[in-house]
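The values are calculated or read from the model by the stated rules, or taken from the named source; none is laboratory data. These numbers were taken from a predicted model, which means no experiment stands behind them. Cβ placement follows ideal geometry from the backbone for every residue including glycine, while neighbour counts extend to all protein chains displayed. Surface areas here come from the heavy atoms of the whole protein model, side chains and all, with no ligands, DNA or RNA. Shrake-Rupley method; radii C 1.70, N 1.55, O 1.52, S 1.80 Å.
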Amino acid sequence: KYRPPTTNEEMTLLEELAYGLEDGLFAAYQTNVDHYRAHTRKILANIDYRTENAEQSSLTNVSVDLISVAQAFHWLDHLAFFTEVDRVLKPSGILAVWGYDLIRINPDVDEIVDEFYWETIHEFWPKERQLLETHYQTINFPYEKIETPKLTLTQYWDAKHFLGYLSTWSAVKIYQQKKQINPLKKIQDKILSHWNLHEINLVSWPLFFNITRKPLLLDNVS
């Protein structure tokens with residue numbers, strides 16, 4: 001209900017692409033297929049929906065044009081995943097590893113959110129999230145990177161929905177479990193002093209991309 005639209009938009013894009021394919025050549029793999037099936041209004045016959053281990057799939061060798069990992073790469077065994085990518089990805093195929101930064105609203109609310117994230121709850125995030133915070137720049141990707149434009153995800157929310165979104169953060173939940181107090185109480189009034197509860201605002205998540213292309217296989221030159 002409160003999550004950013006990354007998964008839904010990624011799946012919508014995949015479905016739009018799938019409309020152009022008559023054969024079962026297009027496959028979408030994600031970790032919450034059952035959840036997606038339960039909430040989507042359409043299941044396309046020419047998409048093969050599966051839930052599999054990203055490091056060891058049932059895909060055949062050299063069979064995939066695009067592999068996309070949205071806001072999840074930090075949970076993977078990177079070396080094992082790259083080995084699997086190299087096995088299944090076609091020459092000139094694309095590996096797209098991407099995610100989004102902290103939500104942005106306006107300078108006043110952003111300052112409150114930044115202080116809350118970095119000073120109040122940061123120690124309660126899983127350590128893997130540190131890779132996400134650096135946009136995976138410390139990762140040695142196996143192929144040459146491709147430059148990408150600056151893009152953002154956007155939604156229109158009221159302050160009530162925004163506070164609901166913050167409540168879904170795992171660090172907020174862990175903080176509350178350990179300290180027996182909801183940390184959002186520290187900032188709710190501050191946020192509402194800059195944003196009326198039912199006032200609609202544009203909210204956005206700046207995206208970052210690590211897009212790489214597998215090299216073509218070259219014939220041996222004598």
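Identify the GluC sites (Glu not before Pro) of the stretch 119-222 meeting these criteria: DSSP loop state and at most 16 other C-beta atoms within 10 Å of the C-beta.
Counting only loop positions with at most 16 other Cβ atoms within 10 Å, the GluC sites (Glu not before Pro) in the stretch 119-222 are Glu128, Glu147, Glu199.
According to a simple spin-label model (label point 7 Å from Cα along Cα-to-Cβ), what is the distance in nm between Glu147 and Lys190?
Here the answer is 3.9 nm between the modelled labels.
Residues with amide H under 5 Å of Leu151's amide H, sequence separation 5 or more or different chain, H placed in the peptide plane at 1.01 Å from N; which?
Hits under the 5 Å cutoff: Leu207.
Please compute the net charge surrounding Ile174, taking Lys and Arg as +1 and Asp and Glu as -1 over other residues with Cβ under 13 Å from its Cβ.
+4
Between Ile174 and Gln137, what length in nm is gained on full extension when 0.36 nm per residue of separation is reduced by their alpha carbon distance?
Here the segment from Ile174 to Gln137 would lengthen by 10.6 nm.
Nearest 20 debye, what's the magnitude of the dipole of the stretch 47-196 about its Cα centre given +1 on Lys and Arg Cβ and -1 on Asp and Glu Cβ?
460
Read phi for every residue in the stretch 74-88 and hand back ³J(HN,Hα) as whole Hz from Karplus 6.51 cos²θ - 1.76 cosθ + 1.60, θ = phi - 60°, with x for Gly and Pro.
Listing the rounded values in order: 5, 8, 8, 7, 5, 5, 5, 5, 5, 5, 5, 4, 5, 6, 9 Hz.
What chymotrypsin sites (Phe, Trp or Tyr not before Pro) in the stretch 50-131 are in a loop by DSSP, with at most 12 other Cβ atoms within 10 Å of the Cβ?
Filter output for the stretch 50-131: empty list.
How much of the accessible area of the stretch 74-222, in percent, comes from carbon and sulfur atoms when a 1.4 Å probe is used?
The value for the stretch 74-222 is 51 percent carbon and sulfur by accessible area.
Taking a ≥ b ≥ c as the square roots of the Cα gyration tensor eigenvalues, with a/c under 1.5 meaning rounded and otherwise prolate when a/b beats b/c, else oblate, which class fits the stretch 90-222?
Prolate shape, in that a/c is at least 1.5 and a/b is the bigger ratio.
Rounded to the nearest whole Å², what accessible area per residue is found for the stretch 84-159 with the 1.4 Å probe?
Counting only protein heavy atoms, the per-residue value for the stretch 84-159 is 55 Å².
Among the trypsin sites (Lys or Arg not before Pro) within the stretch 112-184, which fall in a DSSP loop and have no more than 13 other Cβ atoms within 10 Å of their own Cβ?
Hits after loop and neighbour filter: Lys127, Lys150.
Show which lysines lie in cross-link reach of Lys127 when reach means a straight Cα distance below 25 angstrom and same-chain residues fewer than eight apart are skipped.
Straight-line reach from Lys127, under 25 Å: Lys173, Lys178, Lys179, Lys185, Lys186.
Any idea how far the Cα center of the stretch 183-199 sits from the one of the stretch 103-153, in Å?
Distance between centres, Cα-based: 22 Å.
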